[in-house]
Amino acid sequence: MLKILLIEDDSFVQFSLKKLLECFGHEVMVANNGKDGLVQYKKGERDVILCDIDMPALDGFQFFEQLKQSNKKLPFFSFISAYVDTKIIQKSSELGVDCIIKKPVDQEILKVILLAMKRKHMSDYTDIA
């Protein structure tokens, strides 16, 4: 089970993704925007953050930049967005974002991405140098 923070301002998308992620067996905490996401993030460790880009109060890019300033080890971070173009891909890459998932989110693609993150998360605890 992964602990996931879902930051999404569209209530329908938020509800749908939360239910889907819970059906996959993950624990999901939700936030309505980047500002709320920072508050939720500080409440507990998260393995994965799925974050919309275009949101009020604090957009996804601003949220990620503030997250990086926390000097904590960052969880796997993926933007979820209906609008993905070369500008967004380039900016995300420059910031160090792990992944971008295009909306509407394909259930099978999301499942594969989360499975990979779960395996990486598990190996972080079993790799002993």
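The values are calculated or read from the model by the stated rules, or taken from the named source; none is laboratory data. All figures in this text were calculated on a predicted structure; none of them were measured in a lab. Reconstructed Cβ throughout: ideal geometry from the backbone, glycine too, with neighbour counts over all protein chains shown.
Numbers for the structure displayed
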{"quantity": "Qualifying residue in segment 1-11 (condition: under 18 Å from Leu115 (Cα atoms), out of contact with any His (no Cβ under 7 Å at 6 or more places or on another chain), free of Cβ contacts under 8 Å to residues at least 60 places away in the same chain and surrounded by fewer than 12 Cβ atoms within 10 Å (Cβ to Cβ))", "calculated": "no"}
{"quantity": "Wholly enclosed strands (runs of 3 or more DSSP E) of segment 14-129 bearing at least 2 residues within 12 Å of the chain's Cα centre (by Cα), closer than 15 Å to Lys3 by Cβ and aromatic (Phe, Trp, Tyr)", "calculated": "76-81"}
{"quantity": "Residue list for segment 27-71, filter: in contact with a helix residue (DSSP H, G or I) (Cβ under 9 Å, 6 or more places away or on another chain) and basic (Lys, Arg)", "calculated": "Lys35, Arg46, Lys68"}
{"quantity": "Index of the failed condition, Met29 passing every other in (1) under 16 Å from Gln107 (Cα atoms); (2) surrounded by fewer than 18 Cβ atoms within 10 Å (Cβ to Cβ); (3) modelled with pLDDT of 95 or more", "calculated": "(1)"}
{"quantity": "In segment 32-54, residue modelled with the lowest pLDDT [restricted to those that are farther than 15 Å from Leu115 by Cα and of a type in the set (Val, Ile, Thr)]", "calculated": "Val39"}
{"quantity": "Lone qualifier among Asp59, Asp85 - being crowded, with 16+ Cβ neighbours inside 10 Å and of a type in the set (Asp, Glu)", "calculated": "Asp59"}
